[in-house]
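The values are calculated or read from the model by the stated rules, or taken from the named source; none is laboratory data. The structure displayed is predicted, hence computed values, not measured ones. When we count neighbours, we look across all protein chains shown, and the Cβ atoms used for this are built from the backbone with ideal geometry, even at glycine. Quick note on the areas: whole protein, heavy atoms, side chains included, nothing else; ligands and nucleic acids left out. Shrake-Rupley method; radii C 1.70, N 1.55, O 1.52, S 1.80 Å.
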There are 2 protein chains.
Amino acid sequence: MDARSAPASIEQLLDRMLQISDDLPKRLKQCADYVATNPDRVAVSTVAEMAEGAGVQPSAFMRFCQVLGFSGYSQMQRLFRESYAQNWPDYATRLEKLRESGAGRPSALLAEFVEAGRLSLENLAKTIDPQVLDSAIKALAEAHMVHIVGLRRAFSVASYLAYAFEKMNVPTMLHDSVGMLDSRHAIRADDAVIAITFAPYTPETVKLAETAHHAGADVVGITDSLASPLRPVTTQILTVSEADFGDFRSLSATLSLAVTLVVAVGTEMRARENGISLLRSDDK
Amino acid sequence: MDARSAPASIEQLLDRMLQISDDLPKRLKQCADYVATNPDRVAVSTVAEMAEGAGVQPSAFMRFCQVLGFSGYSQMQRLFRESYAQNWPDYATRLEKLRESGAGRPSALLAEFVEAGRLSLENLAKTIDPQVLDSAIKALAEAHMVHIVGLRRAFSVASYLAYAFEKMNVPTMLHDSVGMLDSRHAIRADDAVIAITFAPYTPETVKLAETAHHAGADVVGITDSLASPLRPVTTQILTVSEADFGDFRSLSATLSLAVTLVVAVGTEMRARENGISLLRSDDK
DNA sequence: GCGCCTTTGGAATAAAAATTCTACCATGGT
DNA sequence: ACCATGGTAGAATTTTTATTCCAAAGGCGC
């Protein structure tokens, strides 16, 4: 139980705590218990707050951190904070470096994109709110027709959605810029729209979402920031932040979200034909 | 700019930000954008860190908080810290939760697709042969025109490739089934083709690849199995096995491969304009 | 082109928090 | 019962962080 090595991850830390917690003095054990049951508090609390929560003095909590191998509370807290904030590296500069150094062999590039995709997926799992997802699916499953709009970079997502919905026998209409002026009026109040756009946001997509919203249709937005112009004109908004690589992103997370929507809506519609719903509407 | 009312929830705050963000001074708008895209950072960062992230001085960020109606950064941070508890857990725990809490519900589906995507990505990194990748990129970079064909499910990949190549100023032509019979003859011997198809393979795609191959063009195939009908008619073949869940797959890995191709070809073409190549052609 | 008002950067100040220190207390051994 | 060991509380100190202030820069209408 020497203090030379600080845990490098939260898992390690919890392991360590479990190991030593038996032969820990009373107060320190209180700290261990409190941290074990409220690990989420560490990142956003001061020592004083943690100490109070554990029912000990700040100095006792301090000693607890040191027993664990940290120099103090701050160092331990850093661990928790880093694991929370999605701290993906700056891929734009990494890409530049790869280019300049000439070490930009394609396989290295591929590795970077794979890594970026992995992070994006993890982040998706962390940030999606199940309730919003449920509500989006409900809206889509109840619609007479699902309109899909996504241009430029988002077009591949839109086309995937359109294809997959079609496969699931969900009535679908894919909008593109060519015929958009006409098709805009095809959206009725009992329809639903999926609008997809990322920064820099495509005005056409936003405009169509707006029109649909005013017409009384449900609008599900898929976008990359809470400040998206899509926000005010959607009934449900799903934010997906992809790790981007300069001007490019691989859309891994967005596509995963898309396929989830399709399958969930498809099964929900079948369930409804049999008079049941998979979405909980009754319980809290 | 009345500062009388501090937002009482994050939603209110975002609404407020959206309202005023248009007539905000430059630096303050930077703050707004940064907060909107990284709302989760607020809970665990200091003003100094936030300011650096937004590319402004701490004092500017301070003013931003006050414009929003808070007394200062601390008050705004409190808001974020209070709502923090829900979405703290790290990826593994969160995924577990999604799976269990919503067995049969959309969030469980999302968990499955996220996991499937991760597996696919991992697998992609392992199975792609760097030499084949290099050679595919070489072929594409040397082509006068890159033709892209992918239908049905593969169409979203094809459209992404077309969009991204366009962005990189690589001459590109996206083929679809509508005009295909004509465009088939547009492929010349010094062109290259990217053909994408997955089981059950689309005959049109294979046929176009075949024609191009006979015409002497390089054909890069993206497919899902070594037994793909694309194999005999391609000069380079890249196999991507997506882990599927049910009948659906999210194409995470395929899109990552696609974006790699685009960036690599783009940089390679620029490098060639300067008389150098990033691909090793001499050494083993 | 001049002056006023707004915005900005950076240093100065104040507040809060972390960390250490020291005296005091409990426990276990002789 | 006394001493030694180790633990604890609370105050003192140091460090970090938030916040304010002011001078300089920038923009806009006149």
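Given R₀ = 30 Å, FRET efficiency for residue B:176-residue B:131 by Cβ-Cβ distance, to 0.05? Don't jump to the answer; show the numbers that get you there.
Numbers: r = 32 Å, r/R0 = 1.06.
Result of the calculation: an efficiency of 0.40.
Using a Gaussian network for chain A with springs between C-alpha atoms less than 10 Å apart, which of these wobbles most: A:241, A:177, A:228?
A:177
Whole angstrom only: what separates the Cα centroid of segment B:231-275 from the Cα centroid of segment A:184-217?
32 Å
Of the residues A:245, A:80, A:165, which exhibits the maximal mean-square fluctuation in a Gaussian network model of chain A defined by a 10 Å Cα contact cut-off?
A:80
Compute the accessible area per residue over chain B, keeping the other protein chains in place, probe 1.4 Å, unit Å².
Values: 12570 Å² over 284 residues.
I get 44 Å² per residue for chain B.
Would you calculate the separation in nanometres between label points at residue B:122 and residue A:75, each defined as 7 Å from the Cα along the Cα-to-beta-carbon direction?
In this crude spin-label approximation the distance works out to 3.2 nm.
With n ≥ 4 as the cut-off for DSSP H runs, can you work out [θ] at 222 nm for the protein assembly as shown, using -39500 (n - 2.57) per run divided by the number of residues, rounded to the nearest 500?
That calculation yields -16500 deg cm²/dmol at 222 nm.
One quarter of the convex hull surface, Cα atoms only: what value does that give for chain A in nm²?
Working: hull surface 81.9 nm².
Reported value for the Cα convex hull: 20.5 nm².
Report the local net charge at residue B:127: Lys and Arg +1, Asp and Glu -1, summed over other residues whose C-beta lies under 13 Å from its C-beta.
Details: positive: B:126; negative: B:122, B:129, B:224, B:242.
It works out to a net charge of -3.
Distances from residue A:37 to the same residue in each other copy, label points 7 Å out along Cα→Cβ, in nm, shortest first?
Label point to label point, same position, other copies: 4.2 nm.
Residue A:88 to residue A:59: extension gain in nm, 0.36 nm per residue of separation minus the Cα-Cα distance?
On the way: separation 29, 0.36 × 29 = 10.44 nm, distance 3.43 nm.
Separation in residues times 0.36 nm, less the Cα-Cα distance, equals 7.0 nm.
Hey, could you pull the Cα Rg and Dmax for the protein assembly as shown, both in Å?
For the protein assembly as shown, the Cα radius of gyration and maximum Cα-Cα distance read 25.8, 82 Å.
Please compute the volume of the convex hull spanned by the alpha-carbon atoms of segment A:121-273 and report it per residue in Å³.
On the way: hull volume 15.3 nm³, N = 153.
Value for segment A:121-273: 100 Å³ per residue.
Helix B:203-214: angle to the longest alpha-carbon principal axis of chain B, degrees 0 to 90, nearest 10?
Here the helix axis deviates by roughly 60 degrees.
Sort B:146-152, A:215-221, B:268-274 by the packing proxy (mean of other Cβ within 10 Å over each peptide's residues), most packed first.
B:146-152, A:215-221, B:268-274
Taking R0 as 56 Å, what FRET efficiency do you get between residue A:11 and residue B:199 from their Cβ-Cβ distance, rounded to the nearest 0.05?
E(calc), rounded to 0.05, equals 0.90.
Nothing charged except the Cβ atoms of Lys and Arg (+1) and of Asp and Glu (-1): what's the magnitude of the dipole of the protein assembly as shown about its Cα centre? Round to the nearest 20 debye. Intermediate values should be presented prior to the final figure.
On the way: 56 positive and 70 negative charges, 174 e Å.
The dipole magnitude comes to about 840 debye.
Chain pair B, A: how much accessible area is buried, both chains summed, with a 1.4 Å probe, in Å² to 100?
On the way: alone 15710 and 15410 Å², together 24810 Å².
Roughly 6300 Å² of accessible surface disappears when B and A pair.
How big is the gap, in Å, between the Cα center of segment B:1-61 and the Cα center of segment A:126-170?
31 Å
Per residue of B:110-123, count partner chain C-beta atoms within 10 Å of its C-beta, then hand back the mean as an integer.
Values: counts 12, 4, 4, 11, 13, 3, 3, 11, 8, 0, 5, 10, 3, 1.
Across B:110-123, the average partner-chain Cβ count within 10 Å equals 6.
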